Structure formats: C-alpha cells, structure tokens
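*Asks:* Below is the structure I would like to discuss, written out as structure tokens.
The values are calculated or read from the model by the stated rules, or taken from the named source; none is laboratory data. Note that the structure is a prediction, hence the values are computed from the model and not measured. Don't worry about glycine lacking a Cβ; one is built from the backbone with ideal geometry, like all the others, and counts go over all protein chains shown. The accessibility values were calculated without ligands, DNA or RNA, using every heavy atom of the protein model including side chains. Shrake-Rupley method; radii C 1.70, N 1.55, O 1.52, S 1.80 Å.
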Amino acid sequence: MIITVAATAVVGLSGAMVSIPESSAAPQVGPDVSSWQHPNGASINWFAVRASGQPMAMVKATESTWYINPYFISDSLAMRAAGLIRGTYHYADPSRSATEQALFYATIVLGQNGILDLPPVLDLEHSGGLGPRALAAWVREFFAVLEPLTGRKTILYTYPNFWNTAMGGTREFADHPLWIADYRGRAAPQMPLGGWRTWTFWQFTDSGRLPGVPARVDLNRYNGSIASLRAYGNAINVFGS
C-alpha cells in the first residue's frame, strides 16, 4: 500500500493462489492515501476526487504505537465534507504490542464510526520477525481488543504472498472482510490461501492518478454495487457488518 514511514511496501505475487473471476466488473471506488500523497505539504482536493466519480476514500490514521499521519485529521474532515464514504486504516507493527496498537488506533479514530464510515482496517504487510503461529496470535489479539470498541468486524488488508508465507495460509480469519492487493493488471485479483470465498476491496494499482491528488495514488475496486457500498458505510454499530 500503503507506504510505511520508512519504506515502500513491495507486493509479492509468488505462491499458490486462487482466482475469483466473477468480480471482473467490480467498480473502481476510490483511493487510499497517506502522507505520501501530500508532497511538500500539498493538500488533496477531496471535492475534485468526488467530482471525478470516486464515491469512497481511505486514509492512513496510525502506525505501530507512536505514529499518527499528520494529514489524517484534515483529510478525514475534508473527505466527510465532500460526501465521500470514508475509511481509515492502521499499519501493523507486529514487533510491538497488538493491544497497545489497537487502543492507539481506536483512540485516534474516535468518532470514525458514523454515517458513511466504513469499518476499521488492519493493514498487515510485515511479520515483525514473528513466525506464522505467533503472527496469527498477534492478529487475533488486535481484533479482540479493537472490535468490542468499534462494534464492527475489522477489514484485513494484505497481499497473497505475504499471507501464504508469513501467515502460513491460515484460515482463521476468513470471517473478516478481505482487502487484497494485486497489481497484475488482470480482470480479477488472485486470492491468498486463507479460506476466503471472495474479496471485499481490491487494491489494483499503486500508481494511479486522480484529479485533486497531487501524487500517484493507490486505487481500489469494491466487490459489489455502489449502493451496497453506501449501505456498508451506513451499517454503524452492528458487529459483524
């Protein structure tokens, strides 16, 4: 994605995967952004993003136990003013406490659970040196702390090779909505091992261009209609929505 404070994440595409062909017509719904979309402090014109036909956007809120995106508040408020369906995400650092990160994220995005707000997102791209069992336990702990606070099932962002290797292809989290990264330029993404029957969001490029965004940006598709996406954003305070 979802660029860390220090480096760009590289999406690997090796390993066994399963194609999900029925999603080839999934609509492009919008970008996800971090501080990297603000070169030299430039602002994003979220009204221009909305006018270009994008109904949704996601913004990085936090990373690890210490980092807050300096543009999170301004982007989040402007996204709401522009009428975009709004999502936030936390970039996981499994080398540090899952409980502390879940509480940190929940505190920073307090109030991000209203009309047109999507469920929270855990962006999982690095193992923090943990093996598959320990990493699965870390994710389990993060969800166990965060979800009672938000009342919603957390969306899980990852990419196939990472899941198949660092997570050992575990099927434990197949009940969580999947946001998959796959940049191969095909009609549908490839799925990680892990028991998911389909995906919810698909990050199909990390080098898109949009009016109002002064840098290249990740772009996403949604596996459903725009009406159902709006309903997903409106489904507040319903655990498992």
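*Asks:* For every other residue with a beta carbon closer than 14 angstrom to the beta carbon of GLY114, add +1 if it is Lys or Arg and -1 if Asp or Glu, then tell me the sum.
*Replies:* Result for the neighbourhood of GLY114: +3.
*Asks:* Given a cut-off of 15 Å, what percent of all Cα-Cα pairs of region 91-141 lie beyond it?
*Replies:* 48 percent
*Asks:* What number, in percent, do you get for the relative contact order of region 95-147 if the mean sequence gap of Cα pairs under 8 Å and at least 6 apart is divided by its residue count?
*Replies:* 70 percent
*Asks:* While we're looking at this one, here's another question. Please work out the Cα convex hull volume for the chain and give it in Å³ per residue.
*Replies:* Numbers: hull volume 26.2 nm³, N = 241.
So the per-residue Cα hull volume is 109 Å³.
*Asks:* Could I ask something else about it? Can you compute the modelled spin-label distance between LEU110 and ALA215, with each label point 7 Å from Cα toward Cβ, in nm?
*Replies:* 2.9 nm
*Asks:* Starting from the 7 Å offset along Cα-to-Cβ, what nm value, one decimal, do you get for the label separation of ILE226 and ARG186?
*Replies:* 2.9 nm
*Asks:* How large is the accessible surface per residue of region 90-241, computed with a 1.4 Å probe and reported in Å² as a whole number?
*Replies:* Details: 5970 Å² over 152 residues.
Per residue, region 90-241 has an accessible area of 39 Å².
*Asks:* While we're on this one: Please compute the contact order of the chain in relative form: average sequence separation of alpha-carbon pairs under 8 Å and at least six residues apart, divided by the residue count, as a percent.
*Replies:* Working: 535 pairs, mean separation 64.5, N = 241.
Over the chain, the number comes to 27 percent.
*Asks:* Could you work out the longest stretch of the chain that avoids the chymotrypsin sites (Phe, Trp or Tyr not before Pro) located in DSSP loops with at most 12 other Cβ atoms within 10 Å?
*Replies:* 67-238
*Asks:* Oh, and also: Highest GNM mean-square fluctuation, the chain, Cα pairs closer than 10 Å: which of THR200, THR158, THR107?
*Replies:* Greatest mean-square fluctuation among the candidates belongs to THR107.
*Asks:* Take the solvent-accessible surface of the protein heavy atoms, probe 1.4 Å, and return the percent of it on the chain that carbon and sulfur atoms account for.
*Replies:* That fraction is 57 percent.
*Asks:* Would you compute the Debye intensity of region 138-237 from its alpha-carbon atoms alone, equal scatterers and no solvent, and pass along log10 I(q)/I(0) at q = 0.13, 0.15, 0.18 Å⁻¹ to two decimals?
*Replies:* Taking Cα atoms of region 138-237 as identical point scatterers yields -0.55, -0.73, -1.00.
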